[in-house]
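J.: My questions all concern the structure below.
The values are calculated or read from the model by the stated rules, or taken from the named source; none is laboratory data. Remember, it's a predicted structure, so these values are computed and weren't measured experimentally. With ideal geometry, Cβ positions are generated from the backbone for all residues, glycine too; neighbour counts draw on all protein chains shown. Side chains are part of the model used for accessible areas, which takes the heavy atoms of the whole protein and leaves out ligands, DNA and RNA. Shrake-Rupley method; radii C 1.70, N 1.55, O 1.52, S 1.80 Å.
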Amino acid sequence: MADAMRPAGLGVRWRPSELLLPTPAGLYCPPADIHIDPVRPVARALITHGHSDHARAGHGAVLATRETLAIMALRYGEGFAGSRQVALPGEAIRIGEVEFRFLPAGHVLGSAQIAVESRGLRIVASGDYKRERDPTCAPFEPVPCDIFITEATFGLPVFRHPPAAGEVAKLLESVRLFPERTHIVGAYSLGKAQRLMALIREAGYERPIYIHGAVEKITAFYREEGVPLGETRLVAGQDRKALGGEIVICPPSATQDLWARRFPDPVTAFASGWMRIRARARQKGVELPMVVSDHADWDDLLATIREVGAGEIWVTHGEADALVHWCGTAGLRARPLHLVGYGDEGEAETEAEAADALEA
Ligand SMILES: [Zn+2]
Ligand SMILES: [Zn+2]
């Protein structure tokens, strides 16, 4: 009713849901007729980053950073979309009367937040993000906005990620203590695996790092992009019995199958924010839990919300209720969007990784 009463002329400030709203296919911007990270095939899509829950194949036109487009092509083949367009960092791209800008999210190589701006209203869809330093990608850039859309994968006070360098130091200490055992580290094949390699190199470890086939393509791409990963060798073709004392990086699913048991007396490690929950580590049979995450922890979620200065917060996925509640206590308007189909440190990405592992 109220809609029909509103004047339709240019310059009338949008109500937020007229500029961006949650739909079953994902966030939708009606004036530009475009979706952000759609979970179903759509005519036009903006993609924040290459994780399989955000970047799906089968859209008509895709606009994303050069790195994200390259990662999609690696994962899905060159025909992953009808057409593609590169978004340069910070460049304003106008579609209809809406301006879009891609800004670094600090999550994985090429990851971006998307600022959506029209008629004086600015909404920032941050995708997945983190604030901790990461040698493999550009750091998160806080963008002042009216509405900030955030994930809440680790949106509970129990989730506090220690510095990643310290977790890597634990791994290297274990390698030193158990030189006859193979250290098998489960890490998501896009982002986490390469970040671990880079951190292991920063810690001074110079031996080759052995990798599972499912990690190979993305690792080669990071190397081409100039990320210093040192020497990596494929496990396939190696005599596994000779890999005592070496570090092997593989998708999380591979640590639990037969593949992992063929190494000499393996130590199983898993790098994830979920490793904060000891019961989860035990349940997965993880001997060496490493709390390393590519998502903001509780403190960084709150700090980021304060920093961007938005009066209203929308929470896409994860522990939305706790974060929405905190926003209320901080005097901010907040609501959960209940978007379905996201969660790359949860089951969705694990299944995708399992599929990757089968292919490799
Ligand atoms: Zn992600
Ligand atoms: Zn995600």
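J.: In a GNM of the chain with a 10 Å cut-off on Cα contacts, which of LEU301, LEU177, LEU74 has the highest mean-square fluctuation?
T.: Answer for the Gaussian network model of the chain: LEU177.
J.: For ALA279 and ALA25 in one chain, what is 0.36 nm times their gap in residues minus the Cα-Cα distance, to one decimal in nm?
T.: Length difference between fully extended and current span is 88.0 nm.
J.: Report the GluC sites (Glu not before Pro) located in the range 113-207 that are in a DSSP loop and have at most 12 other Cβ atoms inside 10 Å of their Cβ, or state none.
T.: Listed in order of number, the matching sites are GLU180, GLU206.
J.: Which ³J(HN,Hα) values, rounded to whole Hz and listed in residue order, are derived for the range 331-343 from phi using the Karplus coefficients 6.51, -1.76 and 1.60 in 6.51 cos²θ - 1.76 cosθ + 1.60 with θ = phi - 60°, glycine and proline given as x?
T.: Karplus values, whole Hz, x for Gly and Pro: x, 9, 6, 7, 8, x, 8, 6, 6, 9, x, 10, x.
J.: Determine the gain in length on full extension of the stretch GLU312-ALA330; use 0.36 nm per residue of separation and subtract their C-alpha separation, reporting nm with one decimal.
T.: Here the answer is 5.4 nm.
J.: Could you give me the ³J(HN,Hα) list for the range 295-308, computed from phi with Karplus coefficients 6.51, -1.76, 1.60 and θ = phi - 60°, whole Hz, x at Gly and Pro?
T.: Along the range 295-308, the couplings run 10, 4, 8, 3, 4, 6, 4, 5, 4, 5, 4, 5, 5, 6 Hz.
J.: Based on the Cβ-Cβ distance from ASP265 to ARG223, what FRET efficiency comes out when R0 is 35 Å, to the nearest 0.05?
T.: 0.70
J.: Who wins for biggest fluctuation among PHE159, PHE140, PHE178 in a Gaussian network model of the chain, springs between alpha carbons below 10 Å?
T.: The residue with the greatest mean-square fluctuation here is PHE178.
J.: In percent, what relative contact order does the chain have, based on Cα pairs under 8 Å that are 6 or more apart in sequence?
T.: 17 percent
J.: Applying the Karplus parametrisation 6.51 cos²θ - 1.76 cosθ + 1.60 with θ = phi - 60° to the phi angles of the range 103-113, what ³J(HN,Hα) value in whole Hz is obtained for each residue in order, glycine and proline being reported as x?
T.: Per residue, the Karplus-derived 3J(HN,Hα) values read 10, x, 10, x, 8, 9, 3, x, 5, 9, 8 Hz.
J.: A further question follows. Along Cα→Cβ, 7 Å out, is where each label goes; now give me the distance between the ones at ALA61 and ARG94 in nm to one decimal.
T.: Calculated label separation equals 1.5 nm.
J.: With springs connecting C-alpha atoms under 10 Å apart, model the chain as a Gaussian network and identify which of ILE47, ILE149, ILE93 has the largest mean-square fluctuation.
T.: Residue with maximal mean-square fluctuation among ILE47, ILE149, ILE93: ILE93.
J.: If you don't mind, there's one more thing I want to ask. Kindly provide the helix-only [θ] at 222 nm of the chain, computed as the sum of -39,500 (n - 2.57) over DSSP H runs of four or more divided by all residues, to the nearest 500 deg cm²/dmol?
T.: Value at 222 nm, helices only: -8000 deg cm²/dmol.
J.: Over the Cα atoms of the range 47-109, each weighted equally, I'd like the Debye log10 I(q)/I(0) at q = 0.12, 0.28, 0.29, 0.30 Å⁻¹, rounded to two decimals.
T.: Taking Cα atoms of the range 47-109 as identical point scatterers yields -0.28, -1.27, -1.32, -1.36.
J.: Using the basic label-point model (7 angstrom from Cα toward the beta carbon), what is the LEU177 to ALA236 distance in nanometres?
T.: Result for the modelled spin labels: 3.5 nm.
J.: Let me ask something else about it. Which GluC sites (Glu not before Pro) does the range 226-331 hold that lie in a coil by DSSP with at most 13 other beta carbons within 10 Å?
T.: Listed in order of number, the matching sites are GLU231.
J.: How tilted is helix 164-177 with respect to the longest principal axis of the chain? Cα atoms for both, answer in degrees (0 to 90, nearest 10).
T.: That helix lies at roughly 10 degrees to the long axis.
J.: Something else now. Tally up the carbon and sulfur contribution to the accessible surface of the chain as a whole percent, 1.4 Å probe, everything protein left in place.
T.: Using a 1.4 Å probe with all protein chains present, the chain comes out at 55 percent carbon and sulfur.
J.: What are the radius of gyration and Dmax of the chain, computed over its Cα atoms and given in Å?
T.: 21.1, 76
J.: Additional query: Could you pull out the longest piece of the chain with no exposed loop trypsin sites (Lys or Arg not before Pro) in it, calling a site exposed if DSSP puts it outside H, G, I, E, B and it has at most 15 other Cβ atoms within 10 Å?
T.: By the stated rule (loop sites, at most 15 other Cβ atoms within 10 Å), 14-118.
J.: Moving on to the next point. Under the rule of at least 5 residues apart or a separate chain, name every residue whose amide H is placed under 5 Å from the amide H of LEU234.
T.: When sequence neighbours closer than 5 places are left aside, the close amide H contacts are ILE211.
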